[in-house]
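The values are calculated or read from the model by the stated rules, or taken from the named source; none is laboratory data. Note that the structure is predicted; figures quoted are calculated from it, not measured. For neighbour counting, all protein chains shown are included, and Cβ atoms are generated from backbone atoms with ideal geometry for every residue, glycine included.
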Amino acid sequence: MAEEAIRTADPVRTGGLIELDGLERVFDVRRRTGPLRREKTRVRAVDGISFTVSRGEMVGYIGPNGAGKSTTVKMLTGILTPSGGRLRVAGIDPSRERTRLARRIGVVFGQRTTLWWDLPLIDSYRLMHRMYRIPDARYRQNLERCVELLDLGALLDVPVRQLSLGQRMRGDIAAALLHDPEVLYLDEPTIGLDVVSKAKVREFLRDLNAERATTVLLTTHDLTDIEHLCNRVMVIDHGRLVYDGTLTGLHAIAPGERILVVDLEHRLPPIEVAGARPVRVEGPRQWLAFPASASAAPIVAAIADGYPLVDLSVREPDIESVIARMYSERPAGPVRPRGSS
Amino acid sequence: MVRLYAVVAAGSFRRYATYRAATAAGVFTNTVFGFILAHTYTALWDERPGLGGYDLSQAVTYVWVCQALLMTCATMGGGFEDELVERIRTGDIAIDLHRPADPQLWWLARDLGRAAFHLLGRGAAPLLLGALAFDLALPASPLPWLAFAASVALGATVSFALRYLAALSAFWLMDGAGVLHFSWLAGMFFSGMLLPLTVFPGALGELARLLPWSSLLQIPVDVLLGKRTGWALVHAYAFQLGWAAVLLGAGRLLQSAATRRVVVQGG
Ligand SMILES: Nc1ncnc2c1ncn2[C@@H]1O[C@H](COP(=O)(O)OP(=O)(O)OP(=O)(O)O)[C@@H](O)[C@H]1O
Ligand SMILES: [Mg+2]
């Protein structure tokens, strides 16, 4: 009861932990068009984005390639200056006070690493200890926790360059959290990870958010990440916010189709079952589409009943197709802007 | 603050210490070059005794101490600079900016950690082998060695500052490696690695002795040989410190311009 009161009072008092108001970022790109001719083009990577994230929220920030996600995250950390609009993180203007902000936030860029490549993982953590001036007891406690939950025990003495992608990513996430940041930005933290590693990372993030109320902003191309982690999802496309709400709401606006990939014992004509339509046949493998909101179970049961089934898997609709559908349903303007609730 | 950079330097030291095979190969190369150069110098000094103000024993000592310091002062590269240029090229440099640490001090700490390893790992063995094979004019008392150590530390700092400037050029030039190659070439020539700078005649010699690269080898070796004592030693330190201050200052200016470029223009 008391906790709920604090939660709802907080954004009113502080106006939210992350606040964007008409944020813009323009890049001037010079391209060589001839031996001496150069053409200057302007790319509006972020084109007037406004939103507020309250303390303790876990938000998905999704959109197709080049939508402006990483550019937004860079501005949120202060390593890129906005071209226009207003931006505050924990009351700090990131690009003006980058270093002060750095002590309060954690960042993981999935495509890059902050770990010291040639040295054992533990050395990078010792570095964080000094860099963020973490009190000794706190450092030990946080490290212990990360090592346990992210399963890093056997990896601490391994040079980072010898770690697998998934191991390195877990190492990077731990490195971003040793100084108890209030906000964690994750730019594609599950890119290239296998199913087991993804699950481990998700579980860790969910616990982090639940136990420490760390605010998390997550960009990803994997809608399953969002499904497991985020109550709220923001979709951006061409630098504009086109959706801000729940994932269920997104599916309702842009009902995607899930794909059932079926392996049969041998080649057969397209499968006919109720609730799904065949989209592709390739030898003994067939693809069937069904509404994302429907359950796969009855369809699977029907196929298993009538066909020599060897294996099957379900593919979630990807963000690209969801967005494509969003446009085909509602051609113009932002879709159902989120209230302050 | 200091502790962070101490951890960085120690990490860098350990990093180079793990490459044992590379260290052994390097010691071998330095030793072979030491023998070739020592014999060349012997022939030269037999023809022209007292060339450059060194007697034969001092000239041969010059060769071996230079071989011992070659990697320490990264006269011809081999330090942090390749990695920095690579991070600039790939854009990883942007995420380095996120850390609450000063980039120049960060890379300086890394390079000094490396220099410390190279002094012990790459320097000691060739000098010892040279001393066994030749009659070297090495001091017997500890004081000149201490004076030498201080001069080497200053030389390593000047060397860092030069390479930091060269590496930062990668922010503006497509080919940052080209500038590095030029800087290594200048280092090879003007540090006194091929021949002592006192041997160079006239204006060229005068100029070479005034350029920052003389801090890397010429000055530390002269300090060890006892050619600079008393006020001459103070003068030598002041010269090295002066260049270190000027070049590090220039590095800071270039660094803030580069940071502005990344942060404002987006790389
Ligand atoms: N430093 C830069 N200079 C010029 N253009 C840039 C720069 N950084 C990003 N852009 C452009 O801005 C747009 C948005 O890029 P951004 O990296 O933010 O996309 P993203 O949503 O993260 O995409 P992805 O899913 O591929 O990671 C792209 O068109 C990109 O080419
Ligand atoms: Mg991106």
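Couple of notes before you dig in:
- Restricting A:GLY60, A:GLY110, A:GLY66 to those that are away from ligand 1 (no atom under 12 Å from the Cβ) and of a type in the set (Gly, Ala, Ser) reduces the list to A:GLY60.
- Residue in segment A:24-40 that is within 16 Å of ligand 2 (Cβ to nearest atom), away from every other protein chain (no Cβ under 14 Å) and either touching a strand residue (DSSP E or B) at 6+ places or on another chain (Cβ under 7 Å) or without any contact (Cβ under 8 Å) to a residue 40 or more places away in the chain (or both) present: no
Here is a yes/no grid of residues against (1) under 30 Å from A:CYS146 (Cα atoms); (2) out of contact with any Ser or Thr (no Cβ under 9 Å at 6 or more places or on another chain):
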| residue | (1), (2) |
| --- | --- |
| A:VAL196 | yes, yes |
| A:ARG202 | yes, no |
| A:ASP207 | yes, yes |
| A:THR215 | yes, no |
| A:THR219 | yes, no |
| A:ASP225 | yes, no |
| A:HIS228 | yes, yes |
| A:ARG240 | no, yes |
| A:PRO270 | no, yes |
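- Qualifying positions in segment A:61-87 - more than 10 Å from ligand 2 (Cβ to nearest atom) and under 19 Å from B:ARG99 (Cα atoms): A:MET75, A:LEU76, A:THR77, A:GLY78, A:ILE79, A:LEU80, A:THR81
- Taken over segment A:113-126, the criterion of being within 27 Å of the chain's Cα centre (by Cα) and crowded, with 17+ Cβ neighbours inside 10 Å is satisfied by A:THR113, A:THR114, A:LEU115, A:TRP116, A:LEU121, A:SER124, A:TYR125.
- One residue stands out in segment B:237-267 among those that are under 21 Å from B:TYR164 (Cα atoms), within 14 Å of chain A (Cβ to nearest Cβ) and aliphatic (A, V, I, L, M): the one that is farthest from ligand 1 (Cβ to nearest atom), namely B:ALA258.
- When segment B:199-229 is filtered for residues that are among the hydroxyl-bearing types (Ser, Thr, Tyr) and outside any helix (DSSP H, G or I), only B:THR229 remains.
- The set of residues in segment B:95-139 that are within 22 Å of B:SER12 (Cβ to Cβ), outside any helix (DSSP H, G or I) and either more than 14 Å from chain A (Cβ to nearest Cβ) or of a type in the set (Lys, Arg) (or both) contains only B:ARG99.
- Single condition A:TYR139 does not satisfy, out of (1) closer than 19 Å to B:LEU97 by Cα; (2) more than 16 Å from ligand 1 (Cβ to nearest atom); (3) at pLDDT 95 or above: (1)
- Flag if A:LEU127 is more than 16 Å from ligand 1 (Cβ to nearest atom) and away from every other protein chain (no Cβ under 12 Å): no
- Filter result for B:VAL234 (within 14 Å of chain A (Cβ to nearest Cβ), of a type in the set (A, V, I, L, M, F, W, C) and part of a helix (DSSP H, G or I)): no
- Qualifying residue in segment A:207-226 (condition: free of Cβ contacts under 8 Å to residues at least 12 places away in the same chain, of a type outside the set (Ser, Thr, Tyr) and closer than 24 Å to A:VAL107 by Cβ): yes
- Residues considered: A:VAL59, A:VAL73, A:VAL107. Of these, the only one that is facing chain B (nearest Cβ under 10 Å), within 20 Å of A:GLU188 (Cβ to Cβ) and crowded, with 17+ Cβ neighbours inside 10 Å is A:VAL107.
- Segment A:110-124, residues that are more than 7 Å from chain B (Cβ to nearest Cβ) and over 22 Å from A:LEU205 (Cβ atoms): A:TRP117, A:PRO120, A:ILE122
- Test: residue in segment A:152-163 that is within 16 Å of ligand 1 (Cβ to nearest atom) and either closer than 26 Å to B:GLU83 by Cα or assigned to a helix (DSSP H, G or I) (or both): no
- Flag: A:GLY78 does not match the condition of being at positive phi and out of contact with any helix residue (DSSP H, G or I) (no Cβ under 6 Å at 6 or more places or on another chain).
- Residues in segment B:67-94 that are more than 10 Å from chain A (Cβ to nearest Cβ) and part of a helix (DSSP H, G or I): 10 in all.
- Residues that are under 15 Å from A:ASP172 (Cβ atoms), crowded, with 16+ Cβ neighbours inside 10 Å and either within 16 Å of ligand 1 (Cβ to nearest atom) or within 13 Å of chain B (Cβ to nearest Cβ) (or both) are absent from segment A:79-99.
- Test result for B:LEU180, buried (at least 17 other Cβ atoms within 10 Å of the Cβ) and modelled with pLDDT under 90: yes
- Test result for A:MET75, modelled with pLDDT of 95 or more, more than 10 Å from ligand 1 (Cβ to nearest atom) and among the hydrophobic types (A, V, I, L, M, F, W, C): no
- Residue check, B:LEU180 in a helix (DSSP H, G or I) and over 24 Å from B:GLY123 (Cβ atoms): no
- Checking A:THR246 against (1) without any contact (Cβ under 8 Å) to a residue 60 or more places away in the chain; (2) of a type in the set (Val, Ile, Thr); (3) surrounded by 21 or more Cβ atoms within 10 Å (Cβ to Cβ); (4) assigned by the TED database to the domain that holds A:VAL89, the condition it does not meet: (3)
- Selection of strands (runs of 3 or more DSSP E) fully inside segment A:53-148 by the criterion of at least 2 residues being basic (Lys, Arg) and in contact (Cβ under 8 Å) with a residue 60 or more places away in the chain returns A:84-89.
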